[in-house]
Each structure stands twice: as structure tokens, then as C-alpha cells.
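The values are calculated or read from the model by the stated rules, or taken from the named source; none is laboratory data. These numbers were taken from a predicted model, which means no experiment stands behind them. Backbone-built Cβ (ideal geometry, glycine too); neighbour counts: all protein chains shown.
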Amino acid sequence: MGEMGDPPAGSRVDPDELEQAIARVRGALSARVVFTPGGDAVEEIHVLAHTGRTPKQIVRDVVSLCQAQFGLEIDHRVVSVAQVEAEEAPAGGPDEEPRLQIDSILVENRQKTIRVRVQLQQGEALYEGESEGSAQGANGIRLGAEAVIRAIQEFMEGLCRITLEDVLAVEMGDAEAVVAAVQLSVRGRMPESLVGSALVQSDPVEAAVRAVLDALNRKLILFNLEEELV
């Protein structure tokens, strides 16, 4: 008879498939599974979940899923659950990473093109992205959105993919705003569409940059919390 956490004889569990299945447990946001050095047994399971369910309920469902879907006998003591408010960013504190903030935006107008360079700051680190394109119409706000996305991609070090779906300026009474729609793709999850907005204070390009950050900043904080479980 095998040890707890061993897969059925003659079979090997795919780690990515197991993590994706656990992440679909009600209340779970993501999961990381640690196997023994030989990959023959589950050593630890770390689950990030929101506070809508108790850790005991989530652990019970994870153990049941491992048994029913993968034939794994998991000791509930190897399953740990960390919980966050699903729709809230972590409360600010001295030991927590700040959100990405705008350090500088440079717009270079050439004869027929515009180049936008955006620098973001987190702590003392800087992340830069730029985009260049036609100077026609309202293309400047799209270039600003593309540039800040590239800066965010540099910050995330390839851990996710961000696609700009659309960005446009809209009239809101006597004010003008920029609305940005992006798609965030993270390994093990379905792509997620996010929308952010920002009022135009003086420069529509700056508003486009702030709109993208409005769409993504909270999700990036949660994503970084998940990575700490690895």
C-alpha cells in the first residue's frame, strides 16, 4: 500500500493539471503543489483563497478532489490556506509593497509619428516601456496605454501577459475621461478582461496611462501575493 500523497501505482500526476483543478475549488484563487524530489508524492499544497469560505471547508474540498479526480490520498495537514479579501487590495503597511506609480511620461512629437515613453516606480525600482506610432487622430492615448503595459510587463518579468483590447476618450458632462480595457492572462487561469478609467486633468496620454494602472494595479497586488506561496 502506498504512502499518503502517492499517486496510484503505475501513474504520475501532472503538476499543472493538479494545480489548475485545485484552483477551481470554490473559494480558491490559485494553488501551488510541491512534490517530493522524485516527483512521486505530494509533499505540500498551498492554496490562496478569498474569505468567503473557512479554511477548513477549502481543505476538505481539496482533499476530496485529490482523491476523486487523481486517486491521491492526501493528509489534510499538508494543505495550507492563505486568505485575502478577493475584491480588496491588502491594507497598507510598512512591510507591504506599494502599488506601481507613475514616475515620468515623455511624449515626443515627430513629423509624422509620436513616441511615448513611460517609467513606473515601485519602491526604488524603475520599470520602463515605450511605444511609437502614427501621429494621426487620437493615437496618442493608445500609444500611452501600450507603453505603460510594456512597463508593467517588465515589472512582472514575464509571469503574465497583458493585451490592450481598447482605449478611448469619452465625454462625461463637462469633463473628459479615458477608459481602457485590457486582458490579463495568467498561467493556470482563464484570461480575464479588466476595465479602468481616469479623468483627463491636463494630458489625455497621462490619463490613458492612469486608466491602465487603474485596471491592473489591484490584480497585480493579488498576483504577487499568490507568487509568494511558491
Quick one: in the range 45-59, of everything that is loosely packed, with under 15 Cβ neighbours inside 10 Å and not polar (S, T, N, Q), which residue is nearest to Glu19 (Cα to Cα)?
Lys56
In the set Val182, Val148, the lone residue that is touching a residue at least 40 places away in the same chain (Cβ under 8 Å), in contact with a Leu (Cβ under 9 Å, 6 or more places away or on another chain) and of a type in the set (A, V, I, L, M) is Val148
Scanning for something in contact with a Lys or Arg (Cβ under 9 Å, 6 or more places away or on another chain) and β-branched (Val, Ile, Thr), does the range 146-154 turn up at least one residue?
yes
One residue is enough: does the range 129-145 have a residue meeting the conditions aliphatic (A, V, I, L, M), farther than 25 Å from Ala180 by Cβ, at pLDDT 85 or above and out of contact with any Lys or Arg (no Cβ under 9 Å at 6 or more places or on another chain)?
no
Taking the range 80-112 and the residues there that are part of a strand (DSSP E or B) and out of contact with any strand residue (DSSP E or B) (no Cβ under 6 Å at 6 or more places or on another chain), the one that is modelled with the lowest pLDDT would be Val84
Checked pairs for the range 39-68, first free of Cβ contacts under 8 Å to residues at least 12 places away in the same chain, second of a type in the set (D, E, K, R), C-beta under 8 Å and 6 or more apart or across chains, list as Gln67/Glu73
Qualifying residue in the range 205-217 (condition: at pLDDT 85 or above, closer than 30 Å to Glu19 by Cα, assigned to a strand (DSSP E or B) and not basic (Lys, Arg)):
no
